[in-house]
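The values are calculated or read from the model by the stated rules, or taken from the named source; none is laboratory data. This one's a predicted model, so the numbers in the text were calculated from it and none came from an experiment. As a convention, Cβ positions derive from the backbone with ideal geometry for all residues, glycine included, and neighbour counts pool all protein chains shown.
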Amino acid sequence: MQKLSRPLRLGTRGSPLALAQAHMTRTALRARHGWDENAVEIVTVQTSGDRIQDRALAEIGGKALWTKELDRALLADEIDFAVHSMKDVETIRPAEIRIAAMLPRADVRDRLVGAASFEALPGQPVVGTSSPRRAAQVKRLRPDAKVVLFRGNVATRLAKLAKGEAHATLLAAAGLDRLGQSDVGVAIPIDLMLPAPSQGAVGIETLSGNAAMLDLLATISDTDTFDCVMAERAVLVGLGGTCHSPIAALGRLEDGQIHLRAEIISPDGQETIGDALRIARSDVATAETMGRSLLERASPTLRALFEA
């Protein structure tokens, strides 16, 4: 058992899901190192993404709204490490901060909440989501759908649905499961809706120069999850994708290699450019090339979404 001179400070957003993921991280560290319950202190940091709920992320700064306050706390030595939903972490991170570990990945699928299937929705259905990817995939499946903005945590979005603001919404299965709401919604097959890059993965970051913390976190990192998620993130690097861009990607280990699928979609769902290949673990260069090749095959209109 490794001795600690003081409690470690774990930074997290304050949403119920973020706190659940922080507790998962603390539990994993305690179990691995035999620490008592006081070994890791959870420090809640409010982010801009939590404060601003009435506009799409793409309009107000993108994924940095989930990370910048936690980054600041790390750099100011207010916390020792931070936990994130990996799909909320910017593609390019500051050099001073490193993704040190990922917990074993959960269910990567989306769930449809409010209807048994897309076919079961009424004509011209209203579907609530703040995700450009989900919006585009909904329009591909139901061109008659109207997509309205649904921001907020899981409870907020479910409350909006209950108030009749939409016929249905889409939520990550992993988040619902971690909140003890596995009975909510119907899982959508991956072949119907490829998930967001990194969906279902919990990432842990610390300072690049904090060797002791990097070593500690490496002991709880799931290598399979880490390699697949980093491949998905490399596709994003190749695309230069932002929150404006409907992007889906998923890597899965098969016979020691990563089977990587990715697609970009026009906002109206009428154009999809996709690809699939097998790459070696840690072959981020090929994954980046995959992202660039998707753009090369896209129409000028779809390509323009990635050039803003």
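Descriptive notes on the structure:
- Residue in the range 86-103 that is farthest from Cys228 (Cα to Cα), counting only those that are assigned to a loop (DSSP other than H, G, I, E, B) and touching an Asp or Glu at 6+ places or on another chain (Cβ under 7 Å): Pro94
- Considering only residues in the range 161-194 that are farther than 22 Å from Ile42 by Cβ and among the polar types (S, T, N, Q), the one that is surrounded by the fewest Cβ atoms within 10 Å (Cβ to Cβ) turns out to be Ser182.
- Checking each residue in the range 133-155 for being within 21 Å of Leu194 (Cβ to Cβ), outside any loop (DSSP other than H, G, I, E, B) and in contact with a helix residue (DSSP H, G or I) (Cβ under 7 Å, 6 or more places away or on another chain) picks out only Val147.
- Leu192 vs. criteria among the aliphatic types (A, V, I, L, M) and either without any contact (Cβ under 8 Å) to a residue 24 or more places away in the chain or part of a strand (DSSP E or B) (or both): no
- When Ile220, Ile264 are checked against the criterion of being under 19 Å from the mean Cα position of the chain (by Cα) and farther than 18 Å from Arg93 by Cβ, a single residue qualifies: Ile264.
Here's the yes/no breakdown for (1) of a type in the set (D, E, K, R); (2) closer than 26 Å to Ala20 by Cβ; (3) buried (at least 22 other Cβ atoms within 10 Å of the Cβ):
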| position | (1), (2), (3) |
| --- | --- |
| Thr129 | no, yes, yes |
| Lys146 | yes, no, no |
| Gly152 | no, yes, no |
| Ala159 | no, yes, no |
| Ala196 | no, yes, yes |
| Gln199 | no, yes, yes |
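- Some residue of the range 216-228 being farther than 20 Å from Val202 by Cα and either not polar (S, T, N, Q) or not assigned by TED's automatic domain parsing to the domain that holds Arg142 (or both): no
- Residue that is nearest to Leu10 (Cα to Cα), among those in the range 213-240 that are part of a helix (DSSP H, G or I) and out of contact with any strand residue (DSSP E or B) (no Cβ under 7 Å at 6 or more places or on another chain): Leu216
- Residues of the range 137-193 that turn out to be farther than 20 Å from Ala120 by Cα and outside the structural domain of Phe118 (by TED's automatic domain parsing), as a count: 0
- Here the range 110-132 is the region considered, the condition is being among the β-branched types (Val, Ile, Thr) and in a strand (DSSP E or B), and the residue that is farthest from the chain's Cα centre (by Cα) is Val126.
- Residue check, Leu57 at pLDDT 90 or above, surrounded by 13 or more Cβ atoms within 10 Å (Cβ to Cβ), under 29 Å from Gly180 (Cα atoms) and not assigned by TED's automatic domain parsing to the domain that holds Ala248: no
- Wholly within the range 243-308, strands (runs of 3 or more DSSP E) carrying at least 1 residues that are modelled with pLDDT of 95 or more and within 19 Å of Lys87 (Cα to Cα): 247-254, 257-265
- Residue in the range 25-39 that is at pLDDT below 90 and loosely packed, with under 15 Cβ neighbours inside 10 Å present: yes
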